[in-house]
Structures are given as structure tokens and as C-alpha cells.
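Contents: one structure, followed by commentary.
Computed from the coordinates by the stated procedures, all read-outs in this text should not be read as laboratory data. Computed from a predicted model, the values in this text were never measured in an experiment. Note that we place each Cβ from the backbone using ideal geometry, even for glycine, and neighbour counts take in every protein chain shown.
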Amino acid sequence: MRILTVAQREIKLGFRNSWTYSFLALLSIFTITILLLQSGVATTEGYTDITGTVMNMILYLLPLITLLLGSFSVAVEKEDGHWGLLSTYPISTYRFLWGKWIGLITILLTMLLFSFGLAGIITVLFNQQLSIDTLIFFWLFSSILAIVYVSIALLIGALAKNRWQALIGGIGIWFLTIVIWSLLMISTLSHLPSYKMIQPTLQVLTILNPAEFVRVFSIMRIGAGSAFGADYDQWITWATGSYGVVIFCGICIGWIVASIYIGGFIWNRSDKNGRA
Amino acid sequence: MKRIITSLLFSVLLFISIPTHTLAEKSIQQQIDEATIGDTIILTDGQYEENIVIDKAIKLIGNDGVTFIQQTSEPMISVQANDVVIERIKIHNKTDYEDSAAILLNGNNNVLKNLEITTNGYGIKLDQADNNELSHITITGNEDTPLSKRQHGIDLWKSHHNEIHHTYIKHVKDAIYIEHSNETSVHHNDASHSRYGYHLMFTKNTTIEHNESYENVSGMMIMGTNGTNANHNSLKHNQKNVQSLGLLLFDVEDATITNNDISNNRVGIFVESASHNDISMNNVQSNYIGLQFKGAKSNVIHHNSFTANVVQGQAEDSSNNITNENYWGDHFGFDLTGDNVSDLTYEVHPFYLIVTNEYPPFQLLFQSPGMIFLEQLLHTPIEERLIDQSPLLKSPLHNEISHTDHQMLLFLFSFSLFFISLIIIFMGVKKR
């Protein structure tokens, strides 16, 4: 069974699933409202309040939707016994997860195309100020977030035995990487034995948190890296440099590949243990 | 006998040399030396390589073809007298001497006008020179030199009552640097691509109006001054450096800052250890941080417009500043009495600032979604917050909303996104 067959099946199931459409509606309503809620200043130039607000709103909502859709998609297969049937075909868990990943990405990116397209049309109709660069920036930002978070969602799905575990795992990761991340960082890192350790530790941890990594990199790419202060001068230099995008893509791909292979590996093992 | 021969020989030599010398054109220095007070020396087109010293009240007038090439560390033109006029000349400093100045002024009541200077060192230096007027001057530094090795465009030291206007300065350290100098008037200047646009140190009663400062590390740095008037200046796009500021007031007293346009900077207005300043009618827009206080007291900030800043304001150790009656773009007010003043107070949480002050590395969490959640969660004492008790509901400034003219393009782009998504959904559902 080929990866593409799994992907096609995923796309078909996805677009026939009412959940997809409820998330689509939620995402669209929310994108439209935040783009309409502007302070009367054209968002043509870089990093402003509206850019910051929209980025944060996207960070709150999109990873959660992605994590739930993705982890459920795998957990359901296990719970409903589809996987038991499918595994009689010669297909590895890795291939299955890659297929799922391609399928889910197609669905999520389509949802983002739909909601940003609709939001763009509506802002024009309402005569609101929005520059095309800003819209493209938001769209790319969301797409990258979705692509990375889908792989984490699949990892959660691969680890979960049923929907409930997937739900808890998804919400847990969302809560950890988005909601309490700052609190966690500030409260733990300020107790490090040496002050000098804070910055390198925070940098490493930021790379390990896709939401923060994508956010920080995006802000640096729109030329607003100086907002992070003097300590991150070097980061700004590489992020805005010619290899910045390559390194960024490399780390994102690293995230995706690691999540899927770890997920596939653990799933394999638990399958074998289950049969034994 | 020997002496007679020598003097004879000398006079013969002198006799031979005189006619040849008079045939050649006189050097500028010679012309200056021979001139009397009030004379005008008109320079003919050409390149000059001699350093000159002006020690009497004369006029030195060039035209578009007059270029001085500076090759030593001495000032190209040194003015040691009063009432000197220098007009329409170009100075090109080719040397690597960082300390060299194209023009050095030590006298009073001099006029420098229509000059064009390119330099690796200082442009124009005023050292204990009063009542001079510098206008219509272009100074360009070397773009490839790092900021730390550049020098100031115009540098004033202990020089009072000078007027600097209509200058265009770029690629230098500080475009206009004024230290220990009083009653200076700086207006209609343009400073860019330098460290600081305008830098005041320990000055009194400086007036700085209608100037522009953009794409510098910082727009305008006002430090240790008294009675500064900064009005109608435009400080924009000073944001690329991690230290960038639009306007800094450090240890400043009794300054009046009004009607300035401060946009797209890293920090719009930074007020540190300053007191009794009046900041009003400024447009503070699209900065990462709009207004920041640190150890500032008894300043009055009113009738300013704060819009589209990522963070509107931050305050620390700055309890008794008055920040009422400003317009905040993100404030959704409520007006019961119909006086266009909101009955709800506007507050800015200082949590981020407190944390990052103690641990600067946490600045990486700037505007992180969890940070906003934290600010809502944690209660900070009311006296540490930046509060506007009576925020305005309408901007006190005549804000023209700039219209983006790519609306059609935006529409087409959005429509194509939307259309592609519909096709994918349709194909997805239809598939076998």
C-alpha cells in the first residue's frame, strides 16, 4: 500500500468529515473578525499592533485545531479497528503516518487558503486597510505552523490508544507550547545557577518549541528582530541572512521527520507487544 | 666678505624667483593673506589641494566647479576669525584620518552656505564658536565604514547661539552633535543612515524643529539638557538596531516635545531619569513599543496619539508621571458624559518590562501568546502601571489614514486563494 493511497483516503475522509467544516467555519470567522478589527492604521509596514494580535490569535487557535484534527485522525483508526484491518496489507506504520501527514496537510492548507482568501475578500469589500504583503505573511506563517504541528499531532495519535488519550495529549501539548510556555520559561530559567545560562538555555528550548521558533523567526524575517533586544543580535543576523530560510526549513523538517519516525517506531513496538 | 657674497647671491636668487612666481597663479592662502577685511575672494573652477586658514573677515566664494581635495589630517579650511562667509564649494576628504575635519570654525558670526562635503572624518566642527549660521550643506560620510569609526557630520563644542538649517547628512556617526552648547537652533535638516540623527548633550535652550531623522540607529537623543524644544520633527524607521529608539529623553529637564511624528521605530519615546517635561500632540505610531518610562518623574504626557504600536507603553519606577488625556488606538472607551473623554481608564501592564529588566534574555518572549495570558493572570500593584485616567476617544491630531492602492491586487489574490481552496475541497469530496 502506497503513501499516496493513504493520503488520498485521508483527504476523502477529511473533506467528508463534519468536523473539518466546523473548524473551517471557526477559522474563517475568526480570521475575518481580527482582520476587520483594526485601529484605522494601514498595516502596510512590518510589525505593528495588528500584526502582533493576528499572530497571537493564530498561535492560540491554529495549533489547537491542528493537534485535535491530526491526533484524532490516527486515534480513530485504532479505536474503530481500521488499523487492524489495514495492517493486514503490507504497510509500515511510517508509511501510514507519512500518508496521513500529506493528507492532513492538504486539508489544513486548504482550510487556510479558504479562510485567508475569504478574509481578504471581505476586508476589501469593507474597505479596510490591509496590504497584500501582510496577508501573505499571515498566510505563510499559519501554513508553516500547520505543517509542523500536524507532525506533532500524528506523534500524539501514534502514542494514544483512543480518542480520549489523543484529546488530552493534544490539549496538553497546546497548553505547554502556547499558553504556559512563557510562565514556564520565566519561572524555571530564572532559577538557573548562573545568569549566563539563561540565554543559551532559552534559545535551545525555543528551537524545541515549534510555536515559539516559528513566531520568533517570522518576526525577525519581517525586520522586527530588534524587538527582542541586544541579547539576540546574532540570531537576528542569521535569521535575516541568506542562509536564514535554509536553516529555518532545516529545523522545521527536522521536527517533522523526528515526530513521524518516533511516532512510527513507538507504534510499531506497541503493536508487537500487543500481539505478543 | 663672505656675508656680502651670500647676501648678493641670495638677492640674485630672489630676483630670479620673483618673476616666475608672479606668473603662476597665487595660492588661495596667499590671496587670503593679501586680502583686507571685507574683501571677497572668488575662486575659479578647479581642484585645490591646499589647506587654508582664514584669519580675517573675508568672503570666500566658489561655484559648482570648485573642489577641495583634503589629503592631510589638518582641517581643509580653518576659520579663525569672525564675520567670514564661505559659499559654494565642495570638499572631498580622501584621507583615512578619522579625526580630520573638512571645516573647523573657531570664530563667531560666520556664515557657511551651499557646501558639499564628503568625508571619512568630521564634516564641520565648531569649537567655541558662537552666532554662526550653517545652511544648505550636504555632508556624506563613508557608507562602508563601521559606525564606531565614523565621525559626526556637524559637531558643536561649547559653541552658543548657532543656527543650523537645511542640511542633508548621511552615513556619519551622529548627523548633528551638540555638546555643552546653548541656545542652538536646529531646523529643517535631514539626517539618515547614521548612528543618531540629532544628539544633544548638556545643552540649554536648544530649539530643534521641522527636522527629519530616518533609518538611523536612533532618531533623536536628548541627554542631560535643560529647556529643549523639539517640535514638528519626523522620526521614522529607526528600528533596525537592537538599541534603536525614536526619541530618547535621558536626564532631561523642562523639555517641550510637541507635534512630532514618531513612527516605525523600535521604541517610540523613551523617557529615562527625566523630569518636568511636557510631551504633547505627538503622533506615536507603529513602533514596537510606543512609550517607555524608566525612573522618570513628574513628566506630563497629554494629547498624544498612540496607535498601532505593538506594545503601547511600558513604565517602571515611574509612578508620578501624568499620562492622562491621550488617545490610545487599542482602547475601547465608554463615554457617559459626552465630553469625548472615556470614562474607563486605560492601563498598560508592566509585567514584561519588570521581568526583562531583571533578566534581559526573556525579551525573546516579547509578545509571546503566553506572555499576554500571564499579564492577565498576574496582578501588579497599581502604582507601577502606566495609567490614563481619562483617555481621549478621538485622536487630537489630524490623522489622515493612508490608503493602500493595491486593493484590487489584494482582492484578486484573496479571490484566487479562495477559489483554489474551493477546487481542492470539491476534488477531495468527489474522489472515488
When only alpha-carbon atoms count, how far does chain A stretch along each of its three principal axes, as whole angstroms with the largest first? 60, 56, 33
Chain B: calculated mean residue ellipticity at 222 nm from DSSP helix runs of at least 4, using -39500 (n - 2.57): -5000 deg cm²/dmol
Nearest 5 percent is fine: what portion of the DSSP beta bridges confined to the protein assembly as shown is antiparallel? 5 percent
Dipole check, the protein assembly as shown, charges on Cβ (K,R +1; D,E -1), about Cα centroid: among B:SER135, B:TYR214, B:LEU353 the Cα furthest to the positive pole belongs to B:LEU353
Could you put A:PHE72, A:PHE30, B:PHE419, A:PHE217 in order, starting from the residue whose Cβ has the fewest other Cβ atoms within 10 Å? B:PHE419, A:PHE30, A:PHE72, A:PHE217
Beyond 28 Å between alpha-carbons counts as too far, so tell me which of A:LYS196/B:LYS240; A:LYS161/B:LYS430; B:LYS59/B:LYS236 fall in that bin. A:LYS161/B:LYS430; B:LYS59/B:LYS236
Per residue, the convex hull volume that the Cα atoms of region B:219-399 enclose (Å³): 112 Å³
When Lys and Arg each count +1 and Asp and Glu each count -1, what net charge do the other residues less than 12 Å away from B:MET371, Cβ to Cβ, add up to? -1
Looking at A:TRP139, A:SER115, A:CYS252, which one has the Cα that reaches farthest to the positive end of the dipole of chain A (charges on Cβ: Lys, Arg +1; Asp, Glu -1)? A:CYS252
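To make sure I understand, if each residue's beta carbon is the centre and we count other beta carbons within 10 Å, what order do A:TRP235, A:TRP267 fall in, fewest to most?
By the 10 Å Cβ count, ascending, the order reads A:TRP235, A:TRP267.
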Quick one: 3J(HN,Hα) in Hz for region A:234-249, Karplus 6.51/-1.76/1.60 with θ = phi - 60°, rounded, Gly and Pro as x. 5, 4, 4, 4, 6, 5, 8, x, 6, 8, x, 5, 5, 4, 4, 4
All other residues with a Cβ under 12 Å from the Cβ of B:VAL53 taken together, and with Lys, Arg as +1 and Asp, Glu as -1, what is their net charge? -3
Rounded to the nearest 5, the percent of antiparallel DSSP beta bridges in region B:219-399 equals 10 percent
If the cut-off is 25 Å between C-alpha atoms, which lysines fall inside it for B:LYS56, apart from same-chain ones fewer than 8 positions away? B:LYS26, B:LYS90, B:LYS113, B:LYS125, B:LYS158
Ranking B:VAL111, B:VAL79 by Cβ neighbours within 10 Å, fewest first, what do you get? B:VAL111, B:VAL79
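After finding the eigenvalues of the alpha carbon gyration tensor for region A:8-131, what semi-axes result from the square roots of 5 times each, listed largest first in whole Å?
37, 13, 11
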How large are Rg and Dmax for chain B when calculated on the C-alpha trace, in angstrom? 29.2, 127
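Scan chain B and note any complete DSSP helix (H) whose C-alpha atoms cover at least 18 Å along its axis and whose Kyte-Doolittle average is 1.0 or more.
B:2-23, B:407-430
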Would you please put B:35-47, B:323-335, B:129-141, A:83-95 in order of how densely packed they are, using the mean number of other Cβ atoms within 10 angstrom per residue and starting with the highest? B:129-141, B:323-335, A:83-95, B:35-47
Averaged over the residues of A:110-121, the number of partner chain Cβ atoms within 10 Å of each residue's own Cβ comes to 6
Can you give the calculated 222 nm mean residue ellipticity of chain A, where each DSSP H run of n ≥ 4 adds -39,500 (n - 2.57) and the sum is split over every residue, rounded to the nearest 500 deg cm²/dmol? -26000 deg cm²/dmol
Projected-area mean, region A:104-242, by convex hull of Cα positions, square nanometres: 11.2 nm²
